[in-house]
Amino acid sequence: MATKAYAALLRGINVSGHKKVPMAELRTLLTELGHGDARTYLQSGNAVFTSALGDEKALAAQLEQAVEEHFGFGVDVLVRDHAYLKAVADTCPFPAASLEGRQLHVTYFSEPVAASRFASLDAARYLPEEFRLGDRALYLYAPDGLGRSKLAEALAKPAHTNGVIATSRNWNTVVKLVQLTQAQPA
């Protein structure tokens, strides 16, 4: 059976002392679930693996359940395949090549998000910060970084994210996940 490479994006782990998930244990968990080539990137909940199961939602639910059983707390997980990750990187509406990785972020959503969710947001108020929507993704240009971004703070309000899982990665991580999920020579 053919396998496919995926990235698992765990939301809100290993930040501010909450929801500690050691990456070695996460790799072991993925392997115990029957997935191959389990690897992690950084400490912030990025894992890549291969699987014959072709359903991203089922893979996410499986990993969410395994994390809860193993670590004793719930974590939202998004699973995306290489083609999706590459498309998100390739269609970035900002000049990624000329920006620092800390200036550009992608928020991945669990489902498509309509622009109407953000209609009440006065985007001009936050310039030079900007955002654009993509396929189950939001691109954020924050020239001073995410930690100082007032627009990121506004975009994260429940009025804009209610009912969807949302997790953000800086551009360096976006690019690295594309690389890590590329087909490996057999």
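In the set Arg11, Arg39, which member is within 22 Å of Ala89 (Cβ to Cβ) and in contact with a Leu (Cβ under 7 Å, 6 or more places away or on another chain)?
Arg39 is the lone residue from the list that is within 22 Å of Ala89 (Cβ to Cβ) and in contact with a Leu (Cβ under 7 Å, 6 or more places away or on another chain).
Among the residues of region 119-140, are any part of a loop (DSSP other than H, G, I, E, B), touching a residue at least 12 places away in the same chain (Cβ under 8 Å), closer than 21 Å to Arg80 by Cα and open to solvent by 40 Å² or more (accessible area, probe 1.4 Å)?
Yes: one or more hits.
What number of residues in region 87-109 are open to solvent by 30 Å² or more (accessible area, probe 1.4 Å) and either under 18 Å from the mean Cα position of the chain (by Cα) or closer than 17 Å to Ala156 by Cα (or both)?
Residues flagged as open to solvent by 30 Å² or more (accessible area, probe 1.4 Å) and either under 18 Å from the mean Cα position of the chain (by Cα) or closer than 17 Å to Ala156 by Cα (or both) within region 87-109 amount to 5.
Looking only at region 8-67, which residues are open to solvent by 70 Å² or more (accessible area, probe 1.4 Å) and of a type in the set (A, V, I, L, M)?
Val15, Leu42, Leu53 - these are the residues of region 8-67 that are open to solvent by 70 Å² or more (accessible area, probe 1.4 Å) and of a type in the set (A, V, I, L, M).
Exactly one of (1) over 24 Å from Val88 (Cα atoms); (2) charged (D, E, K, R); (3) touching a residue at least 12 places away in the same chain (Cβ under 8 Å) is unmet by Glu69. Its number?
(3)
Can you name every residue in region 58-108 that is in contact with a helix residue (DSSP H, G or I) (Cβ under 8 Å, 6 or more places away or on another chain), charged (D, E, K, R) and over 20 Å from Tyr139 (Cβ atoms)?
Asp76
How many residues are open to solvent by 10 Å² or more (accessible area, probe 1.4 Å), more than 11 Å from Gln103 (Cβ to Cβ) and modelled with pLDDT of 95 or more when one looks only at region 141-151?
Within region 141-151, residues that are open to solvent by 10 Å² or more (accessible area, probe 1.4 Å), more than 11 Å from Gln103 (Cβ to Cβ) and modelled with pLDDT of 95 or more number 1.
Looking at the structure I just gave you, is Tyr6 of a type in the set (Phe, Trp, Tyr), part of a helix (DSSP H, G or I) and within 20 Å of Ile165 (Cα to Cα)?
no
The values are calculated or read from the model by the stated rules, or taken from the named source; none is laboratory data. All values derive from a computational prediction rather than experimental measurement. Cβ atoms come from the backbone with ideal geometry, glycine included; neighbour counts cover every protein chain shown. What goes into the accessible areas is simple: the full protein's heavy atoms, side chains included, and nothing from ligands, DNA or RNA. Shrake-Rupley method; radii C 1.70, N 1.55, O 1.52, S 1.80 Å.
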